[in-house]
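Down below is the structure, laid out as structure tokens.
The values are calculated or read from the model by the stated rules, or taken from the named source; none is laboratory data. This one's a predicted model, so the numbers in the text were calculated from it and none came from an experiment. No Cβ is skipped: glycine too gets one built from the backbone with ideal geometry, and neighbour counts run over all protein chains shown.
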Amino acid sequence: MTTKDQSMTRAPKLMTFASMFPKIKASRWIAALGLLATAMPALAQCPITFSPAASYFTGNNPTSVAVGYFNNDEPLDLAVTNADFDNVSILRGNANGTFQAAVNNVAGSQLFSLVVGDFNADRRPDLIGVASNFTDVTVALNTTPYPLVVVRQPSSVSICSSGTAPFSVAVSGTFPVTNQWQWQPAGPSTAWAALSNGINKNTLGTPTFNVSGATTPSMNITSLSGLGGNFRCIVTNACGSVTSNEATLTICAADFNCNGFVNGDDFDSYIAAFVSGDLSSDFNRDGFVNGDDFDAFVPVFELGC
Ligand SMILES: [Ca+2]
Ligand SMILES: [Ca+2]
Ligand SMILES: [Ca+2]
Ligand SMILES: [Ca+2]
């Protein structure tokens, strides 16, 4: 091998501050670095403290602990192997660093360690437990349902007196779910009442709404009293219930011909019905048509919607 070949295979030379400035003695480099360290402010030395320890019972001989979002909500939860009980305790985390009482959830013989991971790619953390007999592992897939979230709120609606108003709600989360629409009768009471399919009466026994879909995501409602109201839906799954926002039904009685707006045609239509004695002109809803209905209609028409 020639001298040239040897130089090509030689290891690259390590560059240091001393090699870059060979005329400066090592002792002066050390002194310079010392000055640099002196110039940097020292970090405060905070004391290491913990709150008083809290204990949670899991079972005899807990052998390992793992953390994960086991119930799909934000606080971290604990999984603890109970070697003597041949199971895993799950302790749901609270938002303040405490944990709920242990629930024994996963069976496994003589488990002594745990691994957490989403092994079936469904975004829920699963568990693998290792048994102390060194012959097998226990795989437990997380089947915890997802809590419900309202992703589409019901919208307020304005309809004419004979119109039908649709209300709907949509949720995300684990199905199956149940739906229950509620209404808030007008008046001093603010209590919410469940709606049922068919005719719903107010607290005085007066037929108020005709409803279909009272226990489905979409409800249709017709006013029988000429009055509107407030509505909301309670949706429930295995995790619990969510309540939608309130939506308001407004009745536009001045839109007598029910075409979506108010103009002179509505007045003409009312007069025609009134003159013919049609019960649709029974504006005060007392069961018959007379001058009182006309007197009731005129200010409502003038007010518009
Ligand atoms: Ca949790
Ligand atoms: Ca999973
Ligand atoms: Ca109209
Ligand atoms: Ca009347």
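Some notes on this structure:
- Applying the criterion of being among the aliphatic types (A, V, I, L, M) and touching a residue at least 12 places away in the same chain (Cβ under 8 Å) to the residues of segment 282-305, the residue that is nearest to ligand 4 (Cβ to nearest atom) is Val289.
- Conditions (1) under 20 Å from Gly228 (Cβ atoms); (2) out of contact with any Phe, Trp or Tyr (no Cβ under 7 Å at 6 or more places or on another chain): number failed by Asp266: (2)
- Pairs linking a residue in segment 119-139 that is among the β-branched types (Val, Ile, Thr) to a residue that is at pLDDT below 85 and surrounded by 14 or more Cβ atoms within 10 Å (Cβ to Cβ), with Cβ atoms under 7 Å and 6 or more positions apart or on different chains, are Thr138/Gly108.
- Considering Val211, Val149, the condition of being aliphatic (A, V, I, L, M) and surrounded by 15 or more Cβ atoms within 10 Å (Cβ to Cβ) is satisfied by Val211 alone.
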